[in-house]
1. Looking at segment 159-170, is at least one residue among the hydroxyl-bearing types (Ser, Thr, Tyr) and under 28 Å from Ser321 (Cα atoms)?
2. Please enumerate the residues belonging to segment 154-184 that are buried (at least 17 other Cβ atoms within 10 Å of the Cβ), more than 13 Å from Met223 (Cβ to Cβ) and not basic (Lys, Arg).
3. Would you be able to say whether some residue in segment 278-294 is in contact (Cβ under 8 Å) with a residue 60 or more places away in the chain and closer than 23 Å to Ile179 by Cβ?
4. Working only within segment 217-246, note down all residues that are over 17 Å from the mean Cα position of the chain (by Cα) and hydrophobic (A, V, I, L, M, F, W, C).
5. Based on this model, can you work out whether Glu118 counts as modelled with pLDDT of 95 or more and either of a type outside the set (A, V, I, L, M, F, W, C) or under 18 Å from the mean Cα position of the chain (by Cα) (or both)?
6. Looking at segment 198-217, is at least one residue within 22 Å of Gly39 (Cβ to Cβ), of a type in the set (Asp, Glu) and without any contact (Cβ under 8 Å) to a residue 24 or more places away in the chain?
7. Scan segment 276-287 and tell me whether some residue there is aliphatic (A, V, I, L, M) and under 26 Å from Glu31 (Cβ atoms).
8. Which of (1) closer than 18 Å to His76 by Cβ; (2) more than 17 Å from the chain's Cα centre (by Cα); (3) among the aliphatic types (A, V, I, L, M) is the odd one out, the single condition Ile112 does not satisfy?
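The values are calculated or read from the model by the stated rules, or taken from the named source; none is laboratory data. Since we're looking at a predicted model, the values are computed, not measured. Because the Cβ atoms are built from the backbone with ideal geometry, glycine has one as well, and the counts that use them run over all protein chains shown.
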Amino acid sequence: MKRISVVIRLFLYTSFFSCAQTSLQENVQQEKIKAFYIGHSLSDGIPEMLWGLTQKEDTVHFEYGYQRINGSPLRHQWNQMLNKRNPEYIDQLGNEMLKVFDSAITDPGVHIYPFYHETGGLPSGQYTHLVLTESVPRYLGSSWGNIEDTYRYVDSFYNYTKQFNPDIKPYLYEVWHCIKSGTPTGCDYDRDARPFRERLTEDLPMWEEVVKRFNKKDPRQKMKLIPVGQAIGNLSDAIERREVPGIHSIKELFSDDIHVNDTLRYLSACVHYATLFERDPTGLTNELNRLWGEPYVKLNQEMALLLQKIAWETVQQYIASKETP
């Protein structure tokens, strides 16, 4: 009888512990994001790295789709759909862009689809976030490359997307201009401008103007800026203060005049993580692989932690600056 009593107590204890553990697991809900990126070479690797950052995390899950065209403005990205539907519909400027820029690349193996693709693109209704990337150079004002054009196509993409998911969250990715800005050599297609670090600060109101105008319409979901340019500026400042071991200039993290290496891509991915998930990226993995398993980047833990902290501090400071009256 005593033995039966012990067995019953053990069964009840095991059942209680199992139920409590199941309940605890159920309470930890996984936050899932499926983002569609409209981008170009300054977006390349970012959604893939963001996917990699979340692979070992139990509380977050990230998937993505991506339309990318080298150097392309949002206008040309949008015209991909118009040209597909009716090649004769494109206006003269659109036709000129078709001569200059490539068509959208398609490779479902790495989640690259035209944005209008029925199953892989926005019409699927499966995407929760929309991330838009404009080309550079870009300026405040009314001449070529003006931000008015950016706003027009940000609005077009959002209005198209919300047909399939009215609650989709829109974002504008803050990119950067050429590293030679403000030097005698200057940048291709650019005007006379301030030096690179100063320009990151001076260009911020330009990107913010797009977000501000968009949000004035009181959309169902407010647009947010992903402040990667500001994070690059903060990293540059840290380098100048000699707080980044082994790096003496932000230029060392560029592969050419405007494209960045994997270290700055990692910083960018951390800023995207902090903005989209609204979580601190500190402690995320420092080893990333491509979708098919090939090693992408492996930073030492000290560098990864530094980039994570700069990303989080940048996003937090930016949010605080928007909340201050």
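1. Here is the first cut: in segment 159-170, the ones among the hydroxyl-bearing types (Ser, Thr, Tyr) are 160-161.
Okay, now just the ones that are also under 28 Å from Ser321 (Cα atoms), so none.
No, because not a single residue in segment 159-170 is among the hydroxyl-bearing types (Ser, Thr, Tyr) and under 28 Å from Ser321 (Cα atoms).
2. Of everything in segment 154-184, those that are buried (at least 17 other Cβ atoms within 10 Å of the Cβ), more than 13 Å from Met223 (Cβ to Cβ) and not basic (Lys, Arg) turn out to be Asn165, Val175, Trp176, His177, Cys178, Ile179, Ser181, Gly182.
3. No, there is no match, as no residue in segment 278-294 is in contact (Cβ under 8 Å) with a residue 60 or more places away in the chain and closer than 23 Å to Ile179 by Cβ.
4. Passing the criteria: Leu235, Ala238, Ile239, Val244.
5. yes
6. Looking through segment 198-217, at least one residue is within 22 Å of Gly39 (Cβ to Cβ), of a type in the set (Asp, Glu) and without any contact (Cβ under 8 Å) to a residue 24 or more places away in the chain.
7. Just the residues of segment 276-287 that are aliphatic (A, V, I, L, M), to begin with: 276, 284.
When the remaining residues are screened for being under 26 Å from Glu31 (Cβ atoms), the result is 276, 284.
Within segment 276-287, one or more residues are aliphatic (A, V, I, L, M) and under 26 Å from Glu31 (Cβ atoms).
8. (2)
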